[in-house]
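Visitor: Here's a structure for you.
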């Protein structure tokens, strides 16, 4: 791609904003209406969202900026240090601080949990639409925006109450993709590098796609030596940006090499990469074999640094999990598993739109000016890489779906224009149905479940919704003070959010040992649990009887402590404190 690729439209054109605004307004209203009940009940989509708000509350209450520990989780051992980034806390805390004087603290929190995800959605729409604005017709902006806005993996991460970091990952991936379209190689490289540095500061899961971006820029270099500035400035920005984000959000208090967050070993790798690329650039144009050897040496050096400084991290961010925690927790977090371990409808929703978009990107790479063809070639490679990553980790499918939105929007627009030219209503309806299936391929599954009863279809009936409403018991829980409670991992964040209680563990892997102990206690005998809780000083035990986690404990250990609690077996050393007939939530006091 050269600096003149694409048309000469402005950075952010008024017409672009009008079209993106139309899509955003429509989607924002729909998201608020469809999530209204969840908002009224503060029913978070995921325990991570709940704990994110606990983290923001702690920050606003005076916890130090560089203190990332959750001190009410495994409190006897000093709390659990989190791998999360303060970057995600900034917009939430800022919104609350801004609105609290007018709305009150509680209402300001609710407003932040609506506004921040919607702003994230708006930014994602703008960035996806801007690529369409640069390289396609104006009509494709709307189609690209709606392709993103109705993408199930994307909407799951950008709806109200979804306040964890996944939405920002989508925005930063799209920002880096916009960097590929910059007219200035220097500016584009710095946009890419800084966007990736911010994404890595938020989540180390950005590493694979960072490698894909580097590969795309290396291909630009190899196609045309004059394009080497792209990779040079991107690597410089990645190294400098990562160091600055590390100092700003981690400081120098923890210089250990962690596998789940950017650490000194990663900074060393990025610095090595930047120095190596700079040396190759200064050396000037060389034979293809020499340049390939140079890239290989840089990559080999990066691997050598990793193996020398943190060999355990070669197994991934969860390589240090206890086997019991891996079996009962990690292997049951569906979004972190490969795509072939997902439900059929989810597999279709992840792969079909991305597959159509990839084919469209390849078609776009065969048309237009030389610069446009080069851009869409690079974009197709980037999208293929994102799809490949999502095959291994399903939650990465949201980023792949977001990157797919622009070429998918172009393809849908092409089909729509073709459908309007058809004379026969039947053919036109068939084309429109195919368009709908390309966007929402899981629709037939949804309609089938609505129309055909589960038993008549020969499948197991869908489990009923849980009646575990911890929020309802918040006032009573807050009267219990700051005592510790043993609870399943998934409801720990809810207890922290609704009360001043401390919890044994939550589903966050740096609390590996406390997670192991929680699982072991629920699987073991009630007498073993009694002795352990008395020795530790734990005052309460909590459980939601109709959730999948305790059901899993009961299935594996039908005579264990967890199974006895689900069955309602009276234990002499547990006194019921909250045991309503209308809810599955139960709380007992440890008496002896």
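The values are calculated or read from the model by the stated rules, or taken from the named source; none is laboratory data. Just so it is clear, the model here is predicted, and its values are computed rather than measured. Every residue, glycine among them, receives a Cβ derived from its backbone with ideal geometry; neighbour counts consider all protein chains shown.
Visitor: Taking the condition free of Cβ contacts under 8 Å to residues at least 40 places away in the same chain, in contact with a helix residue (DSSP H, G or I) (Cβ under 7 Å, 6 or more places away or on another chain) and surrounded by fewer than 22 Cβ atoms within 10 Å (Cβ to Cβ), does residue 176 pass?
Guide: no
Visitor: Still on this structure, I have one more. For segment 496-513, what are the residues that are within 17 Å of residue 543 (Cβ to Cβ) and either outside the structural domain of residue 552 (by TED's automatic domain parsing) or over 23 Å from the mean Cα position of the chain (by Cα) (or both)?
Guide: 498, 499, 501, 502, 503, 504
Visitor: Okay, moving on. Starting from residues that are surrounded by fewer than 20 Cβ atoms within 10 Å (Cβ to Cβ) and in a loop (DSSP other than H, G, I, E, B), keep the ones in segment 237-258 and report whichever is nearest to the chain's Cα centre (by Cα).
Guide: Out of the qualifying residues, it is 257.
Visitor: Among the candidates 379, 330, single out the residue that is closer than 21 Å to residue 196 by Cα and either surrounded by 18 or more Cβ atoms within 10 Å (Cβ to Cβ) or modelled with pLDDT under 90 (or both).
Guide: That would be 379, the only listed residue that is closer than 21 Å to residue 196 by Cα and either surrounded by 18 or more Cβ atoms within 10 Å (Cβ to Cβ) or modelled with pLDDT under 90 (or both).
Let's see how each residue does on (1) free of Cβ contacts under 8 Å to residues at least 12 places away in the same chain; (2) surrounded by 13 or more Cβ atoms within 10 Å (Cβ to Cβ); (3) on the phi < 0 side of the Ramachandran plot; (4) part of a helix (DSSP H, G or I):
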| position | (1), (2), (3), (4) |
| --- | --- |
| 271 | no, yes, yes, yes |
| 276 | no, yes, yes, yes |
| 299 | yes, yes, yes, yes |
| 304 | yes, no, yes, yes |
| 321 | no, yes, yes, no |
| 347 | yes, yes, yes, yes |
| 355 | no, yes, yes, yes |
| 358 | no, yes, yes, yes |
| 367 | yes, no, yes, no |
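Visitor: Mind checking which residues of segment 19-36 are farther than 16 Å from residue 158 by Cβ and either touching a residue at least 24 places away in the same chain (Cβ under 8 Å) or surrounded by fewer than 12 Cβ atoms within 10 Å (Cβ to Cβ) (or both)?
Guide: 19, 22, 36, listed by residue number.
Visitor: Then there's this: If you take the residues of segment 392-424 that are touching a helix residue (DSSP H, G or I) at 6+ places or on another chain (Cβ under 8 Å) and not in a helix (DSSP H, G or I), which of them is surrounded by the fewest Cβ atoms within 10 Å (Cβ to Cβ)?
Guide: Going through the qualifying residues, I end up with 422.
Visitor: Quick one: which residue in 126, 99, 92, 87 is touching a residue at least 12 places away in the same chain (Cβ under 8 Å), part of a helix (DSSP H, G or I) and surrounded by fewer than 18 Cβ atoms within 10 Å (Cβ to Cβ)?
Guide: 87
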